[in-house]
């Protein structure tokens with residue numbers, strides 16, 4: 001008996017659809033992250049400038065410090081979901097502190 005040939009076109013289309021869905025989800029999650037960190041208060045130019053600086057940074061120590069701060073943000077955020085009103089004052093400095101370096105102090109002035 002001969003096997004049925006694979007429908008490569010259908011498989012490619014399914015993979016393209018999956019890739020499109022993943023890209024859409026990534027964009028949505030990035031937007032949610034911008035809002036959650038309070039960076040949505042920055043202008044698009046400020047946010048883009050900060051991201052360019054971050055992407056261009058090759059200093060491993062800075063990148064590690066940023067990674068630790070990001071991990072702390074997510075850990076604090078997961079604890080806050082249980083009792084947001086109780087943790088609100090504790091989370092505010094982390095969020096506002098995350099905004100100031102990105103805006104190069106313009107928001108603090």
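Here, each number is a calculation from the coordinates, and none is a lab measurement. On a predicted model such as this, the values are computed, not experimentally measured, just so you know. Don't worry about glycine lacking a Cβ; one is built from the backbone with ideal geometry, like all the others, and counts go over all protein chains shown.
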Worksheet, complete the sentence: Note on segment 13-77: alpha-carbon gyration tensor, axes a ≥ b ≥ c; rule is a/c under 1.5 for rounded, else prolate if a/b larger than b/c, else oblate; result prolate
Fill in: Inter-probe distance in nm under a simple model that places probes 7 Å from Cα toward Cβ, at residue 30 and residue 12
2.7
Worksheet entry | Label-point gap, in nm, between residue 3 and residue 59 - each point 7 angstrom along Cα→Cβ | 5.6
Discussion item. So, R0 is 35 Å and r is the distance between the beta-carbons of residue 20 and residue 44; what FRET efficiency does that work out to, to 0.05?
Written reply: 0.90
